[in-house]
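The values are calculated or read from the model by the stated rules, or taken from the named source; none is laboratory data. The shown structure was predicted, so the numbers you read here are calculated from the model rather than taken from an experiment. All Cβ positions, glycine included, derive from the backbone under ideal geometry; neighbour counts span all protein chains shown. We work out accessible area using only protein heavy atoms, side chains counted, and drop any ligands, DNA or RNA first. Shrake-Rupley method; radii C 1.70, N 1.55, O 1.52, S 1.80 Å.
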Amino acid sequence: MTALILVAAGSGQRLAAGVPKALVEVAGDSLIGHCIAAARQVDRIHELVVVAPAAEVDRIAADVQGVTVVAGGATRDASVRAGLLALPEAVEMVLIHDAARPFTPVEVYDRVITALDTGADAVIPALPVADTIKRVADGIVVATVDRCDLVAVQTPQGFRVATLRCAHEQQTDAVTDDAMLVETMGVPVHVVAGSHDAFKITTAFDLAVARAMREV
């Protein structure tokens, strides 16, 4: 059984006055609504859990009726743990997805789940880095990084539930995603193709791009 934990906690900043980021509308639906609509097209996702900022649980629950909504924590990893606690015991595989990536294609979800089905314990979608990357110290370039084996990581990230729970139990340092937690355990993290459509909406500029792409 596979579940999706959709993390909207931590997206409490506003891109529109008085509206949590997860509820900002693009093309007739909220960002979180787009995520849920996509997830419901994935046959192998059986459970949906939304992790929302504590102050916004009721508001987000009203927007996404029929989905379990729980309060998140002060950090992303604390929010993921809240989502894990809400999963039914029968769930064996879980996808962790950011509500700020509302237009991730169904094909990306399918690629992640397929990799889990074929034996991977952890899977991330990613795209090759297109920009030249430089390391800088005190405003001066100290090195140009070889980008041939660099990727930009997206979500949903997929895990066997037991593996992810173990990683969270052993966490000691701050992390930026769940794959990083699993890496510290020495578990191989497999990579599948992401999508340019899965870009993250973080700033007002990102929102303007999303609306320009979708509201035509």
Worksheet item: What share of the DSSP beta bridges in segment 1-98 is antiparallel, in percent to the nearest 5?
Response: 20 percent
Item to complete: Find the Cα radius of gyration of the chain, compare it with 2.2 N^0.38 Å by division, and give the number to two decimals.
Response: 1.02
Item to complete: Specify the residue with the greatest mean-square fluctuation among Ile201, Ile133, Ile96, computed from a Gaussian network of the chain linking alpha-carbon atoms under 10 Å apart.
Response: Ile133
Practice prompt. Could you quote the convex hull projected area for segment 131-216, Cα atoms only and averaged over all directions, in nm²?
Written response: 8.9 nm²
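What's the carbon and sulfur percent of the chain's accessible surface, probe 1.4 angstrom, rounded to a whole number? Don't skip to the answer; put the middle values down first.
On the way: 5500 of 10480 Å².
That share works out to 52 percent.
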Fill in: Principal axis dimensions, largest first and in whole angstrom, of segment 101-178 by Cα
45, 33, 24
Item to complete: Report the residue, chosen from Leu150, Leu31, Leu95, that carries the largest GNM mean-square fluctuation when the chain is represented by alpha-carbon nodes joined by springs under 10 Å.
Response: Leu150
Fill in: Per residue accessible area in Å² of segment 148-206, where ligands, DNA and RNA are left out and the probe is 1.4 Å
54 Å²
Response to the item:
Karplus ³J(HN,Hα) for segment 201-211 (6.51 cos²θ - 1.76 cosθ + 1.60, θ = phi - 60°; Hz, whole; x = Gly/Pro) runs 9, 10, 10, 4, 5, 4, 5, 5, 4, 4, 5
Worksheet item: What value, in deg cm²/dmol to 500, does the helix sum -39500 (n - 2.57) over DSSP H runs of n ≥ 4 give at 222 nm once divided by the residues of the chain?
Response: -8500 deg cm²/dmol
Discussion item. Taking each pair of distinct Cα atoms in segment 29-72 once, what is the resulting Kirkwood hydrodynamic radius in Å?
Written reply: 10.8 Å
Fill in: Under DSSP loop assignment and at most 10 Cβ neighbours within 10 Å, longest GluC sites (Glu not before Pro)-free interval of the chain
90-214
Item to complete: Give me the distance between the Cα centres of segment 144-200 and segment 56-71, rounded to whole Å.
Response: 27 Å
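Can you give me the relative contact order of segment 37-174 as a percent, contacts being Cα pairs under 8 Å and 6 or more apart? Before the final figure, lay out each step's value.
Numbers: 175 pairs, mean separation 32.1, N = 138.
Relative contact order, segment 37-174: 23 percent.
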Item to complete: May I ask you to compute the full-extension gain from Ala62 to Glu107, defined as 0.36 nm times their residue separation minus their alpha-carbon distance, rounded to one decimal in nm?
Response: 13.4 nm
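Antiparallel versus total DSSP beta bridges in the chain: what percent is that, nearest 5? Mind showing how you got there, number by number?
Working: 18 of 37 bridges.
For the chain, the DSSP antiparallel bridge percentage is about 50.
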Practice prompt. Please calculate the 1.4 Å probe accessible area of Ile140, with all protein chains present, and give it to the nearest 10 Å².
Written response: 100 Å²
Fill in: FRET E, pair Arg135, Glu92, Förster distance 35 Å, beta-carbon r, rounded to 0.05
0.30
Worksheet item: Which value in nm describes the separation of the simple spin-label points at Thr114 and Ala208, placed 7 Å from the Cα toward the beta carbon?
Response: 3.8 nm
